[in-house]
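Presented below is the structure to which this report refers.
Please treat every number below as a calculation from the coordinates, not as lab data. Everything numeric in this text was worked out from a predicted model, so none of it was measured. Reconstructed Cβ throughout: ideal geometry from the backbone, glycine too, with neighbour counts over all protein chains shown.
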Ligand SMILES: [Zn+2]
């Protein structure tokens, strides 16, 4: 009996001990839990309230404090799907910051792109917010991308979103987002020495520029070209004749004064808007270079047959010429199609331009423009 009693006491003590240990562990566990659930004190009360509402206390407490996150939380713009991005986006001292990054995130910009935009193009934020996503970090990889023109690229893209960003960059570099003649490069006389020179509604020759090496063409001594272009033209016509394709020059070098007389006559007859579609204003004509010829087919006063046009498209580059205003490219050249107008560039460059299938305006911007 005595033994039995002793055992009972030991058993009771053991039970009490077990319960005590269990209760103690539970209390400790709950205390620990409670401590872990306390919001990170680095965040403001307003931010913490939002963190608790989303049950993200533990997740956020396990990470370092983020001012970007706090700003988003305080602005009531928090979206849990962008939690990681908030941590990656560098905080900016800008009162629109939470709104701006929220909008950019919903447009599918990632945190790297958002940091890049703030670092490089914060002046263009409003335009970016007003348009669909564009791959802005890829822009830098385009050889002809000019960071100073970003605002123009974005503005042009907004109204011309049928073009990809590479096309937008080239077109804006050419100047197509601006009215022709409104903003142009004025060449110096030194610039005119190169056969590669680009002349269009955005590039003007000096009024007094006249090539020093003009020579008459054998077909008509009143028609002049620079010597190298004149020789190339004779070879071009000989090659055409061998292929039984016939054409004759009807206009070649034209001085600033001659172009001025012509343009004024057209303007008075058809009005400025119409005249600008087919005649260059003085100083903006390739004919002043002495490197351009207009050719006609027999029985046509100032045009060529479709067969001759095809022949010129496929063969003129072999002799150094390109068709400068081809059919279907009016929106780039800013002139109506002029199948009869060929421009001398030299065989090497004309071959490259021909192979590129680009207008000279595009080719020049992509491969010849010095930046
Ligand atoms: Zn012409």
Quiz item: Given just the C-alpha atoms of the range 146-255, how large is their convex hull per residue in cubic angstrom?
Solution: 164 Å³
Exercise. Obtain the nm distance between the two label points defined at residue 162 and residue 76 by a simple spin-label model: each point lies 7 Å from its Cα along the Cα-to-C-beta direction.
Key: 4.4 nm
Quiz item: Using the count of nearby Cβ atoms within 10 Å as a rough guide to exposure, how do 362, 93, 151 rank from fewest to most?
Solution: 93, 151, 362
Quiz item: Which angle between 0 and 90 degrees, to the nearest 10, do you get for helix 2-36 versus the longest principal axis of the chain when only C-alpha atoms count?
Solution: 30 degrees
Self-check item: Pairwise centroid distance, computed over Cα atoms, of the range 66-135 with the range 283-316, Å
Solution: 55 Å
Practice problem: Taking the chain as the reference, fit the longest principal axis to its C-alpha atoms, fit the long axis of helix 347-356 to the helix C-alpha atoms, and give the angle between the two in degrees, 0 to 90, nearest 10. | Solution: 50 degrees
Exercise. Would you work out the relative contact order for the chain, in percent, from Cα pairs under 8 angstrom that are 6 or more residues apart?
Key: 10 percent
Exercise. Just need the relative contact order of the range 36-104 here, percent rounded to a whole number, with Cα pairs under 8 Å and 6+ apart.
Key: 29 percent
Exercise. With a ≥ b ≥ c taken as the square roots of the eigenvalues of the C-alpha gyration tensor of the chain, please select rounded if a/c is under 1.5 and otherwise prolate if a/b is larger than b/c or oblate if it is not?
Key: prolate
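Would you mind computing Rg(Cα) / (2.2 N^0.38 Å) for the range 185-368, counting N as its residues?
Taking the Cα Rg and dividing by 2.2 N^0.38 Å, one obtains 0.96.
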Quiz prompt | Value of Rg/Rh across the range 289-344 [Cα atoms, Kirkwood radius] | solution = 0.95
Quiz item: Among 65, 171, 116, which one moves the most in a GNM of the chain with springs linking Cα atoms closer than 10 Å?
Solution: 65
Quiz item: Over the Cα atoms of the range 36-104, what is the Rg over Rh ratio if Rh follows Kirkwood?
Solution: 0.93
Quiz item: Helix 97-106 versus the longest principal axis of the chain: what is the Cα-based angle in degrees, 0 to 90, to the nearest 10?
Solution: 80 degrees
Quiz item: Sorting 261, 293 on the 10 Å Cβ count, fewest up front, what's the list?
Solution: 261, 293
Quiz item: Under a plain spin-label model, where a point goes 7 Å from the Cα along Cα-to-Cβ, how far apart in nm are residue 330 and residue 238?
Solution: 3.8 nm
